[in-house]
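The block underneath contains the structure these notes are about, expressed in structure tokens.
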Amino acid sequence: VDMSHHVSADFQKTGHELVSLWKEIGIAGEEIVDRLNKLRDHLRRLLGDSLSGEVEMRDRLLKNIEEYDAELAVLTRELQIDAAKPDKTLSILEREELLRGQVHELTTLKVSRRRKLKGLRAQEHHLCTRLAMPTHKLDTRVPSEGDLHELEKHVEMLKEEQDRRETKYHNLRAEVLALVEELSVAPEGSFQEKVVDSDPASFGLSTSSLAAVAAYLQELKSLHAARVAECAQLRQTISQFWQRLEVPQDQQEAFTSEHTGLGENVVAALKREVARCEALKRERLQDFIKSVIAELLGMYEKCGVPERRARLEGACEAEACTEERLQSLEAELTAAKRFYDQNTAILEKVERREVLWGRLLEFESKARDPGRFNNRGGGLLLEERERKRLEKELPRLGREILEHIEAHEADGSSLFLEWSAAFKQHLDAQYASYQADKENERLAREARRNMSGSSRSAKRGTSPAAHPSKMARMATASASLASLRPGTSALASPRSAVKRGKIISARRRSIRRAAKETPSGASSTVRRQPGDSTFSSSAASLVSYRGFTATLQDPNKVLTSSVLDGPAADE
């Protein structure tokens, strides 16, 4: 009402002023009425236009509200979020402004998510293509925060897998390049060329590609192992040739330093050298056969069958020096070396036993020397310690070797059976030789005693001259292999020898007194009766190692004296 009153007052005031002005101008009354009507129509149209504009603005705001509502519903559904609805008490303009702001905010969020999705998809595509792995399944065009998080985790997993595979590939490629360079081999095929020559960053890291690289590496390793074995065999053959051909050391070192490594050119050079030495071998066949025989004899010694040397007698004669004979000897030498390598553990014990057997014979030889008792520098004490160690280790090694042979004879190769038979024959021959030496020594002592008895009969009543070797022989009366049982002494100790010497000296004095009183009874008192059982007579009948050891372990064996003619075990 106030608004219309003011408008009416303003219109009347303006109308009066216009009428006065028109009159002043000289416009007639009808013209003035006409002009007032036109003014009224203009004002009416102006008010109508204003009303129409405002109505249109209202309708536009309502339409915008409807559109914003619909768009907001779509955005919230796509973005999977909830949006706050405007309060119904708000005006149309406030509602429209609020909805417009929400739509703008969600539209910006949608664009941001799609941009982030595009970047993650690009990374995923690159990684999956290189790794040959499937992409992460994501059906919606507008991802939620959860979808983006899962995709980010998937991309991170792909990056970690790529790093792991790259590390594996770099390691494989480094080994491949090292072997390719060492072996001097060129890659075959496009894949091997790509591994060796291409940029590692562009190499596909699929599991199949890595498996192919690993297979390529394994192929090179197999070639490397074969090349190593081949070069080692060639170098060993060349070394044997050089040794047999007596090639100067400076020439050997020059060739060796010039041809190092495993390259194809090195292998070719080694093969040429072998061929050259083969030609020289044919020219110097007899020298080669002698050299092979020397090596073969050394292997016989190491294997504990030295008696096999007899089968090589006459092999070096001119008429026997043929190419076939050399090949046969070389094949036997190769088989012997291979047998030694396959049975190193037991053959090392055989070698050790041979060393101890040599020490035993050395002790036997020293025991016959009477000058050993004049040693005051502790040599006898050291000898006693060595003797104790020897008497324990020698029987133990013999038992272990025979037990090993018995355990492996059933499933052993023909070469092992041949060796075991030869080794047992060697043991029998060794002990038979030992007993033969002891028997010869006994016969020599009896001969000396007979000569000494004849001399005493010729010079009855005189004192016999002392013989220092008798004391030494008494010291070694028990130094025989019979005492090699565990817990017994292998050789007589110095103290026991001195004690026995004193006992024997007293015995000799009593014998001389008895001889003066009853000269005819001395012989019957001292001389051994034919039916006596002694260690010498029983040991002399041994024909094998087992029979020998059985006699050694006989607790009823009787030791004989090197001074007295009768049993001396209880003296």
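The values are calculated or read from the model by the stated rules, or taken from the named source; none is laboratory data. Fair warning: this is a prediction, and the values are worked out from it, not measured in the lab. Positions of Cβ are backbone-derived with ideal geometry, glycine not excepted, and every protein chain shown enters the neighbour counts.
Here are some notes:
- Within the range 237-265, the residues that satisfy the criterion of being among the hydroxyl-bearing types (Ser, Thr, Tyr) and within 22 Å of Leu326 (Cβ to Cβ) are Thr237, Ser239.
- Checked against (1) part of a loop (DSSP other than H, G, I, E, B); (2) modelled with pLDDT of 70 or more, Ser452 passes all but condition (1).
- Of all residues in the range 402-436, those satisfying the criterion of being closer than 19 Å to Leu361 by Cβ and either without any contact (Cβ under 8 Å) to a residue 60 or more places away in the chain or out of contact with any Asp or Glu (no Cβ under 8 Å at 6 or more places or on another chain) (or both) are Phe423, Leu427, Asp428, Gln430, Tyr431, Ala432, Ser433, Tyr434, Gln435, Ala436.
- Exactly one residue out of Ser202, Ser209, Ser198, Ser190 is at pLDDT 90 or above and among the hydroxyl-bearing types (Ser, Thr, Tyr): that is Ser209.
- When Leu280, Leu220 are checked against the criterion of being surrounded by 13 or more Cβ atoms within 10 Å (Cβ to Cβ) and over 30 Å from Ser328 (Cβ atoms), Leu220 stands alone in meeting it.
- All of Glu94, Glu71, Glu105 fail the test of being surrounded by 14 or more Cβ atoms within 10 Å (Cβ to Cβ), over 30 Å from Phe203 (Cβ atoms) and either among the hydrophobic types (A, V, I, L, M, F, W, C) or more than 51 Å from the chain's Cα centre (by Cα) (or both), apart from Glu71.
Each row is one residue, and each column tells you yes or no for (1) among the basic types (Lys, Arg); (2) surrounded by 13 or more Cβ atoms within 10 Å (Cβ to Cβ); (3) outside the structural domain of Leu106 (by TED's automatic domain parsing).
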residue: Gly15; (1), (2), (3): no, yes, no
residue: Trp22; (1), (2), (3): no, yes, no
residue: Arg40; (1), (2), (3): yes, no, no
residue: Leu46; (1), (2), (3): no, no, no
residue: Glu67; (1), (2), (3): no, yes, no
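- The lone exception for Gly261 - which of (1) in a helix (DSSP H, G or I); (2) more than 30 Å from Leu131 (Cα to Cα) it fails: (1)
- Here Lys118 clears all of (1) surrounded by fewer than 11 Cβ atoms within 10 Å (Cβ to Cβ); (2) modelled with pLDDT under 90 except the condition numbered (2).
- Just one residue in the set Leu75, Leu98, Leu109 is under 20 Å from Leu61 (Cα atoms) and either at pLDDT 90 or above or in a helix (DSSP H, G or I) (or both); that residue is Leu98.
- Condition met for Glu152 (among the acidic types (Asp, Glu) and crowded, with 16+ Cβ neighbours inside 10 Å): no
- Yes/no for Val103 being touching an Asp or Glu at 6+ places or on another chain (Cβ under 9 Å) and of a type in the set (A, V, I, L, M): yes
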